[in-house]
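Participant: Sharing a structure below in C-alpha cells format, with a few things to ask.
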Amino acid sequence: MNGAVSASSGRLGLMLTELRLPTIRRLASNLCAQSDSEGWPGQRLLEAVFEHEMAERETRRIDRHRAESALSPDKRLSSFDFAAVPSVSKAQVTALAEGQEWLDRGANVLLFGPPGVGKSHLVCGLGHALIDAGRRVLFTRCSDLVQRLQAARRDLRLPQELAKLDRFDLLILDDLSYVRRDQAETSVLFELIAERYEHKSLAITANTPFSQWGEVFVEPAMTLAAVDRLVHHSTILEMNVESYRRRAAQQGLAPAARKRR
C-alpha cells in the first residue's frame, strides 16, 4: 500500500513539475493529508490548492515588479515624517496610494520643494504602495532617463524606447531641475511628457517652481506646453520647508558645540 501511495505521489510530483506548478508541488502532500483527515469534498481541496498557487504567483509578481522599479527599498510611506512637512496631507497621499483611479486616467503627481525635504522619499513610498497594489512603477533620475532617450533617438529607436516605458503605470522622474538646458535633451523630455499625456501617469520632483522651468526647456512655448500637459490632471504637493538634511546636520553640530563649551 505504502509503495502504491509513494508511486502515486511521485507521478503527481512529475506532473506538477511538467505543468510548472511549484507551489502546488511543494504543498500537495500536506494538503492531501489534511483533506483525507478532515474529509474535505473534492471542490474544497481544489480551491485550497489553487488559492495557494495563485497567492504565491502574486507574491512573485510583486517581487519582480519591485526589483524592476529601481525604488529605494527603505523609502516607504510608513517611514516618512509627515509632521516635518505640514503642507503635505497624509490623508491625501494615502488616498493616492489606495485609490488608483488617477492612474487609470493618466493623471500626474508633482512634488516641489528645496533639496533635502523628502520629495524622493515621499514619491518612492508612493511607488512602493502602488506596487503592493499590483501596479508597475519605474523610478529614475530625470537626467539619466533623458540621456537614455537621447541615445535612443540617435539610434533611430526612440518610439521603441517610449513603448518600453509605456508598460509602467507610473514613471517617476526625480530631480527634473537638474536636466541641462539643451535643445536635444529638452525635446526628448517634452516628447516623453506629450506621449504619456492623459494616457500614462508621471510623478515628477523638482527643486524649482514652474516659473523657473524656462531654465530647463529652451523655448518658452515648449515650457508652457509641458507645464500645461503636466498640470491639466495633477496633484501638486508643495514641500517648502527647511531641509531635513540641514536640520539633521544642525542637530548633530549642536551637541558638539555644547561639548566644546
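Participant: Look at Glu191 and say whether it is at pLDDT 85 or above and touching a His at 6+ places or on another chain (Cβ under 8 Å).
Facilitator: no
Participant: What are the residues in region 134-164 that are farther than 22 Å from Tyr178 by Cβ and acidic (Asp, Glu), if any?
Facilitator: Within region 134-164, Asp155 is the sole residue that qualifies.
Participant: Kindly evaluate Ser143 against the criterion of being among the polar types (S, T, N, Q), farther than 16 Å from Ser72 by Cα and either assigned by TED's automatic domain parsing to the domain that holds Ala184 or at pLDDT 95 or above (or both).
Facilitator: For Ser143, the condition - among the polar types (S, T, N, Q), farther than 16 Å from Ser72 by Cα and either assigned by TED's automatic domain parsing to the domain that holds Ala184 or at pLDDT 95 or above (or both) - is met.
Participant: I want to confirm something. Restricting to region 120-140 and keeping residues that are over 20 Å from Asn240 (Cα atoms) and assigned to a helix (DSSP H, G or I), which single residue is nearest to the chain's Cα centre (by Cα)?
Facilitator: Gly127
Participant: Looking at region 72-91, can you tell me whether even one residue there is crowded, with 17+ Cβ neighbours inside 10 Å, touching a residue at least 60 places away in the same chain (Cβ under 8 Å) and closer than 14 Å to Ala129 by Cβ?
Facilitator: There is no residue in region 72-91 that is crowded, with 17+ Cβ neighbours inside 10 Å, touching a residue at least 60 places away in the same chain (Cβ under 8 Å) and closer than 14 Å to Ala129 by Cβ.
The values are calculated or read from the model by the stated rules, or taken from the named source; none is laboratory data. Note that this is a predicted model, so its numbers are computed, not measured. Cβ sites come from the backbone with ideal geometry, for glycine too, and all protein chains shown count toward neighbours.
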